[in-house]
1. Take every Cα pair under 8 Å in segment 52-201 that's 6+ residues apart, average their separations, divide by the length, and report that relative contact order as a whole percent.
2. Please grab the % of Cα pairs in segment 173-227 that end up more than 13 Å from each other.
3. For the chain, what is the percent of antiparallel DSSP beta bridges, rounded to the nearest 5?
4. Would you mind checking the tilt of helix 115-129 against the longest principal axis of the Cα atoms of the chain, expressed as 0 to 90 degrees and rounded to 10?
5. Relative to the longest principal axis of the C-alpha atoms of the chain, give the angle of the C-alpha long axis of helix 472-491, reported between 0 and 90° and rounded to the nearest 10°.
6. Would you grab the residues whose amide H sits under 5 Å from the one on R169? Only those 5+ places off in sequence or on another chain, please, with H modelled 1.01 Å from N.
7. Output the direction-averaged projected area (hull surface divided by four) of the convex hull of the alpha-carbon atoms of segment 43-96, in nm².
8. Round to the nearest 10 and report in Å² the accessible area of F388, as given by a 1.4 Å probe over the protein chains' heavy atoms.
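The values are calculated or read from the model by the stated rules, or taken from the named source; none is laboratory data. This is a predicted model, so every value here is computed, not measured. Ideal geometry is used to build each Cβ from the backbone, glycine not excepted, and the neighbour counts take in all protein chains shown. The accessibility values were calculated without ligands, DNA or RNA, using every heavy atom of the protein model including side chains. Shrake-Rupley method; radii C 1.70, N 1.55, O 1.52, S 1.80 Å.
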Amino acid sequence: MSNAPVTVSNSVASSSGHAPDPATATVAIFGASGDLTARKLLPALYDLWSDGYLSDVAPIVGVARKEKSDESFRNEIYEAINGHVRSGAVPVDRWNQFARRLFYRQLDIASPDGYHGFREQLETIEDHQGTPGNRVVYMATSPDLFLPAVEHLGFGGLIPGRDAPEWLRVVFEKPFGRDLKSAQELSGNLRRLLREEQIYRIDHYLGKETVQNILLFRFGNSIFEPLLNRNQVDHVQITVAESQGLERGRGGYYDNSGALRDVLQNHVLQLLCLIAMEPPALFNARDLHDEKLKVLKALSPGNRGDISSWAIGGQYSAGLVDGQPAVSYLSEERIPADSRTETYVAMKVLVDNWRWAGVPFYLRTGKRLPSRVSEIAIQFKQPPLNLFNTVECEGDVCELVGTRPNKLVFRIQPSESIKLSFSTKRPGMQYQIHPVTMDFNYKEAFTQALPEAYERLLLDVLRGDSTLFMRSDELEAAWQFVTPILDHWEKNEISPEPYRAGTWGPRVADTMLHNDNRAWRTPST
Ligand code: BG6
């Protein structure tokens, strides 16, 4: 029997490592002087090219307001991406090969004036490179430029008609709106200019290898899926924790956003969808979006009471992270001294459908927590009868314990893995319980480095596959769930609960689980 990897022949699994068909479309990055371009987008394009997914001639055009030559743009990018590509350093000869198709365009994105010239420049570049004029525009800009930029693309003749031989796809970074109303408005306005299949709303968590594997694990194996429901599962915990505080220059954006908008509304709810959704009829974009949408529509509050009893905001005060002093959120650069922005949010939610009714999903995300770790932990119910007891001592304190509940933990990052824990008999003359884990670890199982999320997502845009992007109704359903929480906090001027930097969040978040006779996991690091 062969152990060769099996390639699934559908669009979702298209980048399987076999004879890639290199993409030749032009990629224009709006907001090319930003951090995302240097740290994520250009390294991802370089790696795609290195692996043969991007052709030697496909033009990449950086677009930003500052005046700059192609040459100085190339030099800046070389400095910036060195160390961020998969191979670590970029060898000079490889760089020279790659950089030949890098160009720069000075443009005031907010003003329509330069867009005709921009189109002419793209045409000249594409003629020179011999590429067909298909284009991806990546909006790595502040969100208030999304709509004007697309309007000006239309004005500049850059949006081809439905029947035109060439295509345009536009990628929007988050945040896509700041509540339900603004997300609906933005989608409505964009729809006047672009068709839904031209719009790619990115959530980079969906591009992470370990996140994509959740679907394969659940629907590509038969033994786990029958366990994932209200009969077997006690509760689920989803954690997206970061030890870092605010990255330099991010204060303005973050203070306007907060943990609920920045991470929970998108990354955490997407993880919840993948773990809770029903199997799609077919493994294609539409059916997957349809199933995720059903989960989002079934979300309901964990308690009937006041929103503050099941949705808790926190804000870090000064503390120690990794042994280093960390300043409080209010002392970070560009943060107003009286800011009520939450840097942590914890929530208890239910998925009110036949599969999950009554099973709490505890969600939490925050900055300045003890470590950077993202995971989904499914805790199963205890066996119906406890036949085995054992004495466990910690120091002088001993207690009689039974078997521990089984847990299935998807570690999204770091030390990517899937672990199943269960109880065994400790060798000896008595029935002594010993907890053990079965552990699938990516690093041990696969030698190749995991691709970066942005690589996968950029390739999908180039190939026209929107499976790993957010459809507008999905995004709106997510906003529909979180907007009442945001409104409640704002209307009642609720201040986030303080927590010391380097701890796992405010006490009230612990109490929320305590009240249910449960506790947050401390993810191993
Ligand atoms: C981004 C948020 O979407 O996700 C950041 O804006 C956050 O605030 C980041 O730090 C976390 O992503 P990752 O991939 O580092 O877990």
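1. Values: 167 pairs, mean separation 33.0, N = 150.
Computed over segment 52-201, the figure is 22 percent.
2. Details: 1052 of 1485 pairs.
Above the 13 Å cut-off, segment 173-227 has 71 percent of its Cα pairs.
3. On the way: 53 of 86 bridges.
Percentage antiparallel, nearest 5: 60.
4. Once rounded, one gets 90 degrees.
5. It is inclined by approximately 60 degrees.
6. Counting only residues 5 or more places away or on other chains, the set is R135, V136, V137.
7. Taking the Cα atoms of segment 43-96, their convex hull projects to 3.9 nm² on average.
8. 80 Å²
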